[in-house]
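Taken together, the values in this text are just the output of simple stated rules run on the coordinates, not laboratory data. All values reported here derive from a predicted model rather than from experimental measurement. All Cβ positions, even for glycine, are placed from backbone atoms using ideal geometry, and neighbour counts span all protein chains on display.
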Amino acid sequence: MTKRSHKSHEQNPAEMDAIELLMQDHKKVQKVFKEFEKSKDDLGEAEKSEMVRQCCMDLKIHTQLEEEIFYPAAREAIEDEELLDEAEVEHASAKQLIDELESMEPGEELYDARFTVLGEYVNHHIKEEEHSLFPEVKKAKLDLDELGQQMLQMKQKLQGEMQESGEHAAA
């Protein structure tokens with residue numbers, strides 16, 4: 001028995017379908033954005049930096065899972081291509097802000113503002129996915145359990161790679 005099967009999660013990821021896995025990621029980053037807004041003036045630079053770094057890493061992994069596994073499957077299954085086109089454009093905007101944040105330090109001009117705007121983009125994106133895209137995908141009868149397993153495997157691989165390389169993911 002490997003230790004990997006005993007990682008503690010809010011819900012056992014091995015039992016989550018693709019949408020549940022994505023929604024768990026959504027809740028995690030929304031909590032960070034809310035916490036940042038509430039306490040940004042009270043956080044030290046090291047705390048702020050770590051909060052932003054971890055959130056950006058989580059978003060990069062999440063985005064890659066959606067773009068490489070979830071969105072292609074959804075494109076084949078649903079008729080509303082526009083939902084997926086908009087999601088990809090939203091990803092591009094978020095990635096640009098993440099790149100800018102990763103080249104900055106807390107205390108630099110516009111650092112807090114960039115993270116706040118990233119949170120606004122991400123919250124808008126989450127709302128669109130959860131209220132429009134996910135219901136369409138559920139109706140399409142995709143094998144969400146199989147997709148969830150593929151995504152979980154990729155997520156664990158990417159997390160390992162990012163931690164090993166000090167957060168820079170292999171492309």
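Expected output is a single nm value to one decimal: the length gained when fully extending between Ala113 and Glu67, i.e. 0.36 nm times separation in residues minus the C-alpha distance. What is it?
That pair, Ala113 and Glu67, stretches by 13.9 nm at full extension.
In whole Hz, what ³J(HN,Hα) sequence does region 81-95 give by Karplus (6.51, -1.76, 1.60; θ = phi - 60°), x for Gly and Pro?
Once rounded to whole Hz, the list reads 5, 4, 4, 6, 4, 5, 4, 5, 5, 4, 4, 4, 5, 5, 4.
What net charge is computed for the residues neighbouring Ala46, neighbours being all others with C-beta under 14 Å from the C-beta of Ala46, Lys and Arg scored +1, Asp and Glu -1?
Details: positive: Lys40, Lys48, Arg53; negative: Asp42, Glu45, Glu47, Glu50, Glu105.
Here the count lands on -2.
Ranked by Cβ crowding within 10 angstrom, fewest neighbours first, how are Val32, Val137 ordered?
Fewest-to-most ranking of Val32, Val137: Val32, Val137.
As a footprinting exposure proxy, order Met151, Met162, Met16 by other Cβ within 10 Å, with the fewest listed first.
Fewest-to-most Cβ neighbours within 10 Å comes out as Met162, Met16, Met151.
Mind checking which of Gly148, Gln96, Asn123 is farthest towards the positive end of the chain's charge dipole, using Cβ charges of +1 (Lys, Arg) and -1 (Asp, Glu) about the Cα centre?
It is Gly148, whose Cα lies furthest towards the positive end.
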